[in-house]
Amino acid sequence: MDDKLKNLLRNCLKAMKDYDGDITELQKDFDDAVKRSAEHSKNLEFEVQYSATPFTDEELQNILGEDYKI
């Protein structure tokens, strides 16, 4: 995983941690946005660059470093 993806992951996890609202509402908004995007791009094909395999706690800790404790 390159540094840009690591930084993106760090920022996403920090934003989720700092989010004051209801996380289920945030997930609903995300799902709605994905559906809208899929409707607009039905003709486009893309290749998945990374599998949807979840990280283990140890893998996340290695990516995030010691500054971010899980």
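The combined condition, being at pLDDT below 85 and open to solvent by 70 Å² or more (accessible area, probe 1.4 Å), is not fulfilled by Lys4.
Inspect all residues belonging to segment 15-22 and state whether any of them is at pLDDT 80 or above and open to solvent by 100 Å² or more (accessible area, probe 1.4 Å). Yes, some residue in segment 15-22 is at pLDDT 80 or above and open to solvent by 100 Å² or more (accessible area, probe 1.4 Å).
For segment 29-50, check the following and say yes or no: at least one residue is among the basic types (Lys, Arg), assigned to a helix (DSSP H, G or I) and modelled with pLDDT under 85. Taking every residue of segment 29-50 in turn, at least one turns out to be among the basic types (Lys, Arg), assigned to a helix (DSSP H, G or I) and modelled with pLDDT under 85.
The values are calculated or read from the model by the stated rules, or taken from the named source; none is laboratory data. Computed from a prediction, not measured in an experiment: that's the story for all the values here. We work out accessible area using only protein heavy atoms, side chains counted, and drop any ligands, DNA or RNA first. Shrake-Rupley method; radii C 1.70, N 1.55, O 1.52, S 1.80 Å.
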